[in-house]
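Engineer: Would you mind keeping the following structure in view while I ask a few things?
The values are calculated or read from the model by the stated rules, or taken from the named source; none is laboratory data. Since the model is a prediction, treat every value here as computed from it, not as a measurement. Here the Cβ is made from the backbone with ideal geometry for all residues, glycine too, and neighbour counts use every protein chain on show. Accessible surface areas use protein heavy atoms only, side chains included; no ligands, DNA or RNA. Shrake-Rupley method; radii C 1.70, N 1.55, O 1.52, S 1.80 Å.
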Amino acid sequence: MMNDTKQLAELNAMIEGIADQLCDTVDNNFDITVSVDTDNEQAQKLSLLINFLLENVRRNVGKLAQLNEQLETRVKERTELLDLVISGTDDGVWVWFFNEQRIEFSEKWYSMLGLPHSSEHASPSYWTKRIHPRDRARLYMAFRSAIEGHQSVLNVEYRIRHEAGGYRWMLCRGACSRDSSAQPYLLAGTQTDITELKSIDPKSGLANEHYLKERIEDAIDQQEHFCLALFSLDQIEGATLVDEYSDIGQLEASVAEGLITGIDITSTIARVSTSTFAVFRKIAEGSDLTLESREDERRLREIFNESFCGKANIRLSLGVVASDELQLTSAADALNAASSVLRYSKQFGSVQYYDSSFREMTARRFSIEEKLRIGVTNGCIQPWFQPIYSGRDRRLVGFEALARMILPDDGHVPPDEFIPIAEEKSLMWQVGDCILRQSILLAKVLSEGFSGGQHCYVGVNVSAQQFITGGLADFVLALLDEYKLNPQHLRLELTESVLVDNFEQVRSQLYVLRRAGIKIALDDFGTGYSSLSYLRHLPIDVIKIDRSFVTDLDKQERKAAIVKTIISLAQLLKLDVVAEGIETEDELSALNAMADLSIQGYLFSPAIKEMEALELVSGCTKAA
């Protein structure tokens, strides 16, 4: 019994000794060997087993230490690389911890907004309250989409208030982290300043349309008064530039320079599109916006005349809008109004203001457009016919069909009012086809009314839109066949404007018509840039001298010389000549002295209704 007690005491002492050694081993990274001072075989086995385990632990601890060192090195390298990338991109970094409802921002994030760096955590409202009111909903939706997993990444543009005033455009990108249950717990990303990309036109260095819209919207939100002038350099693409401007880009750069140096620094100058610019200026409370807008017009014309008058073949078109003339809800409203008055400036060649008279005019145009769409089928659009005579013997030889619009309530709508609307709204081909059909019908009646071998033709103007549809030649030939009309009783008249952008398409159809026996007349000859070239390349049979060369022909030698030259050219080319706009006997006598031409004008008759034309033909036939 005593031996057992003694052995047990020795075993306990041995175990306590081993335990003490193991405690020292843990404190010293297991770098120790356990030993027992006993002959007990079991104790020695336990000592060997523990030493074996310690050797394995030491080996694994060494490996873990090596792996930890490698991981720390890699983390350090990756961190340095990430810091380098972020510093190179000049981006601000942010991290949003959802559970704690706090956001951490990098030093760069603060500096981008002109704010001092803070090491304290911020709440989400610290960020969102600086967002532009018009952009908050878009940013919130982008955050929500990323957090709820509808989008894998966050990518949204927005404006944020800078501490110095105004807003900067930012591109916010990020991604969401989720726990094992797929619940989001963190959203992190970067913020990039894209203000210059969003605001500057790279070609001119001026503000772009995007920035202009922002300025207008800010003024609308603040209920501030402003003037917006939109202007363009017409014919700039076809201009004959002097050596100073070797290309359009240089000319536009010169325009930008003139605006920058000549316009008040408080105004916003923007390039809206090719050859179109805008000047936006806020007007002080109580100022007369009409006077202010007139002053903007005066200054722009002054800059234009000083910089470009006589240097290039360009013309300034200008449309001006004052904010008190509109019920504005967006920048698009103001720009649309400015664009509409600019279009009228291009059409009529003078500055246009968006005012009550302009609104009345556009309302009338809209009414005419509606009635024009209906009029091509209900008889409101009809041809009237101006007689054409042989100048020397005053014999009736034909008519020119001229489109007229007669409304039940409003009466006659002048051609210079409804024709531009038809062209602008792509209704000209319908108007032209309507006039062409009625004119061919009259020509058929006239062809049967003449006697004694005489024939009377009807000339019909054709538009570019009729050619563009690609079916004018087929349409005309089908009408001739339908009414069994000899082609010699029909002439088709076209102006240079028809040919400018569609030369080959027009040319091919003219040859089809010419081969069918229809004569082709070039109208307003001498007023364009390429009249002579068209005589060489197109199957022209007749040239019609524009009235601008005929008016006061008997009093102006230069006009007489030009007309003589045109007539001589026509005779050499074996072309017929018609002189338009004859209003006095003296003009007729001057023309008759040059050659036996065909004549039309108010001296003989204005355009007359179809029944009057038939009566005129009937009277001429009886007289013959």
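Engineer: Does any residue of segment 152-172 turn out to be part of a strand (DSSP E or B) and modelled with pLDDT under 90? So that I can check it myself, show each step before the final result.
Structural biologist: As a first pass, look at segment 152-172 and keep what is part of a strand (DSSP E or B): 154-161, 167-172.
Imposing the further condition that a residue be modelled with pLDDT under 90 reduces the set to 167.
Yes, some residue in segment 152-172 is part of a strand (DSSP E or B) and modelled with pLDDT under 90.
Engineer: Can you tell me which condition E41 does not meet? The list is (1) within 60 Å of the chain's Cα centre (by Cα); (2) at pLDDT 70 or above; (3) exposed (fewer than 10 other Cβ atoms within 10 Å of the Cβ), and all the others hold.
Structural biologist: (1)
Engineer: Take I543 and decide whether it is crowded, with 19+ Cβ neighbours inside 10 Å, assigned to a loop (DSSP other than H, G, I, E, B), at pLDDT 90 or above and touching a strand residue (DSSP E or B) at 6+ places or on another chain (Cβ under 8 Å). Walk me through it before giving the result.
Structural biologist: Values: crowded, with 19+ Cβ neighbours inside 10 Å: yes; assigned to a loop (DSSP other than H, G, I, E, B): no; at pLDDT 90 or above: yes; touching a strand residue (DSSP E or B) at 6+ places or on another chain (Cβ under 8 Å): yes.
So I543 fails the test.
Engineer: Same structure again: Collect the residues in segment 552-581 that are in contact with a Lys or Arg (Cβ under 8 Å, 6 or more places away or on another chain) and either at pLDDT below 90 or assigned to a loop (DSSP other than H, G, I, E, B) (or both), keeping them in residue-number order.
Structural biologist: The answer is D552, L553, E580, G581.
Engineer: I'd like the full set of residues that are of a type in the set (D, E, K, R) and modelled with pLDDT of 85 or more, limited to segment 101-136. First the steps, then the outcome.
Structural biologist: Filtering segment 101-136 for residues of a type in the set (D, E, K, R) gives 102, 104, 107-108, 120, 129-130, 134-136.
Hits for segment 101-136 are R102, E104, E107, K108, K129, R130, R134, D135, R136.
Engineer: Considering segment 454-507 alone, what residues qualify as being of a type in the set (D, E), open to solvent by less than 50 Å² (accessible area, probe 1.4 Å) and modelled with pLDDT of 90 or more? Explain how you work it out, then say what you get.
Structural biologist: Going residue by residue through segment 454-507, those that are of a type in the set (D, E) are 474, 481-482, 493, 496, 501, 504.
In the following step, the residues that additionally are open to solvent by less than 50 Å² (accessible area, probe 1.4 Å) were identified as 493, 496.
Result: E493, single match.
Engineer: Starting from segment 592-610, take each residue that is crowded, with 17+ Cβ neighbours inside 10 Å and list its partners that are assigned to a loop (DSSP other than H, G, I, E, B) and of a type in the set (A, V, I, L, M, F, W, C), counting only C-beta distances under 6 angstrom and pairs at least six apart or across chains.
Structural biologist: Hits for this filter: I599/I582; G601/I582.
Engineer: Can you name the condition, by its number, that S439 falls short on among (1) outside any loop (DSSP other than H, G, I, E, B); (2) hydroxyl-bearing (S, T, Y); (3) over 16 Å from G379 (Cα atoms)?
Structural biologist: Exception for S439: condition (3).
Engineer: Also, I was wondering about something else. Of everything in segment 339-393, what is open to solvent by 40 Å² or more (accessible area, probe 1.4 Å), under 30 Å from G581 (Cβ atoms) and not in a loop (DSSP other than H, G, I, E, B)? Give them in sequence order.
Structural biologist: The answer is R343, K346, Q347, F348, M361, R364, K371, Q382.
Engineer: Look through segment 526-540, keep the residues that are touching a strand residue (DSSP E or B) at 6+ places or on another chain (Cβ under 9 Å) and crowded, with 16+ Cβ neighbours inside 10 Å, and return whichever of them is farthest from N502 (Cα to Cα).
Structural biologist: Keep residues of segment 526-540 that are touching a strand residue (DSSP E or B) at 6+ places or on another chain (Cβ under 9 Å), which gives 526, 531, 534-535, 538-540.
Right, trim to crowded, with 16+ Cβ neighbours inside 10 Å and you get 526, 531, 534-535, 538, 540.
Numbers: G526: 20, S531: 15, Y534: 13, L535: 16, L538: 13, I540: 17 Å.
Ranking the candidates gives G526 first.
Engineer: Select from segment 614-624 the residues that are surrounded by 14 or more Cβ atoms within 10 Å (Cβ to Cβ) and either at pLDDT 90 or above or not hydrophobic (A, V, I, L, M, F, W, C) (or both) and list them in ascending order. Spell out the reasoning first.
Structural biologist: First, the residues of segment 614-624 that are surrounded by 14 or more Cβ atoms within 10 Å (Cβ to Cβ): 614, 616-617, 620-621.
Passing the criteria: only T621.
Okay, residues lined up against (1) open to solvent by 50 Å² or more (accessible area, probe 1.4 Å); (2) of a type in the set (A, V, I, L, M); (3) at pLDDT 90 or above:
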| residue | (1), (2), (3) |
| --- | --- |
| D416 | yes, no, no |
| V431 | no, yes, no |
| Q438 | yes, no, yes |
| L446 | no, yes, no |
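Engineer: So, of the residues in segment 262-305 that are small (G, A, S) and at pLDDT 75 or above, which turns out to be surrounded by the most Cβ atoms within 10 Å (Cβ to Cβ)? Quick ask: steps written out before the conclusion?
Structural biologist: At the first step, the residues of segment 262-305 found to be small (G, A, S) are 262, 267, 270, 273, 275, 278, 284, 286-287, 293.
Filter once more, so that each one left must be at pLDDT 75 or above: 267, 270, 273, 275, 278, 284.
Values: S267: 19, A270: 25, S273: 11, S275: 20, A278: 27, A284: 8.
Filtering segment 262-305 for residues that are small (G, A, S) and at pLDDT 75 or above, the one surrounded by the most Cβ atoms within 10 Å (Cβ to Cβ) comes out as A278.
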